[in-house]
Amino acid sequence: MKIKVLGSSSGWAFPRLVCDCRLCSSTNERDKRLRSSIFINDSILIDAGPDIYHQLLQFKICNIKSILLTHSHPDHIFGLHDLNPKKCKIMKNVPIYGSEHTWKVLDRIFPNSRYRKETFKDYKSFELHGLKITPVPVVHSENIHTVGFVINDQNIILGYFPDFLSFKKEEDMKYFEVDCLFLDGSTLKKPFYTGSNKWGHINIMEGIILAKKCGAKKTIFTHLGHRTPPYDDLSKLLRKKGEIYAAFDGMEIEL
Ligand SMILES: [Zn+2]
Ligand SMILES: [Zn+2]
Ligand SMILES: [Zn+2]
């Protein structure tokens, strides 16, 4: 399985405008991040945030065969405006897979689009371009239904969970037993909760413990936020913990 990281930031890209913190003033190219998205086997795009058009241009991608959406927060769907088949030739006949809730939101935001709409159900696996895709619902937002994807290519398993606070059920921990797990890295240590403490993002330190407990062979933190250290510091810290890495835009992985 071939994975290309097109973007690795949390809800807002880096550097932030008029911010002189260490992260935003870093001169390392790996600290310049656009919204999280990956491209698998030169065919499947996961998520289409506000930067997607420029990410596709930058990486010269014009062969998308399908799009999978984790959820309908703006940082994962707002780029669909630019991918409307009415204006975007590469989207002709490209199906977009989302949950029923995600489509309800998309239909409201993009009422006159001509997307090829496909829906999936939680835990119900389906085949796509030779891969088995399983949408796993997760706790993340009070009002926005959210999934991560477990993707099997015969014996190789990838997990992609860019927005994740916890599993809905303890038995779902088996979905992290993968060869490579992309996990929510919105914050390093502090809790990232909203509302009644039941929604938000796991922090990286807790994520490391959970990923190891579940048996992920390699973990890559993506969806990295403002409350994380610059790439070099974060990488050093993660590498001390085992096969754990920080994603960056343009990262390529072969499993
Ligand atoms: Zn997000
Ligand atoms: Zn900053
Ligand atoms: Zn989200």
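With each label modelled as a point 7 angstrom along the Cα→C-beta vector, the L17-E254 pair spans 4.1 nm. Using a Gaussian network model of the chain whose springs link C-alpha atoms within less than 10 Å, name the residue from K190, K60, K104 with the highest mean-square fluctuation. Result for the chain, Cα springs under 10 Å: K60 fluctuates most.
Which peptide among 82-92, 134-144 comes first, and what is the full order, when sorted by highest mean count of other Cβ atoms within 10 Å? Write out the running numbers ahead of the final one.
Values: 82-92: 14.0, 134-144: 18.4.
In decreasing order of mean packing, 82-92, 134-144 become 134-144, 82-92.
Tally the DSSP beta bridges in segment 47-169 and give the antiparallel ones as a percent, rounded to 5. Antiparallel bridges: around 75 percent, rounded to the nearest 5. Take each peptide in 120-127, 239-246, count the other Cβ atoms within 10 Å of every residue, and average; sorted highest first, the result is 239-246, 120-127.
The alpha carbon centroids of segment 199-255 and segment 1-69 are separated by 16 Å.
First measure r as the distance between the Cβ atoms of K86 and E243, then evaluate 1/(1 + (r/R0)^6) with R0 = 51 Å and state the FRET efficiency to the nearest 0.05. Numbers along the way, then the final one.
On the way: r = 44 Å, r/R0 = 0.86.
Here the calculated transfer efficiency is 0.70.
Each Cα pair under 8 Å and six or more residues apart adds its separation to the average, and for segment 7-136 the resulting relative contact order is 17 percent.
Cβ distances below 4.7 Å define possible disulfide partners, and in the chain the cysteines left without one are C21, C62, C88, C180, C214.
For the chain, DSSP calls about 55 percent of its internal beta bridges antiparallel.
Readers should treat all values here as calculations from the given coordinates under stated rules, not as data from a laboratory. This is a predicted model, so every value here is computed, not measured. Cβ coordinates were reconstructed from backbone atoms using ideal geometry, including for glycine residues, and neighbour counts include every protein chain displayed.
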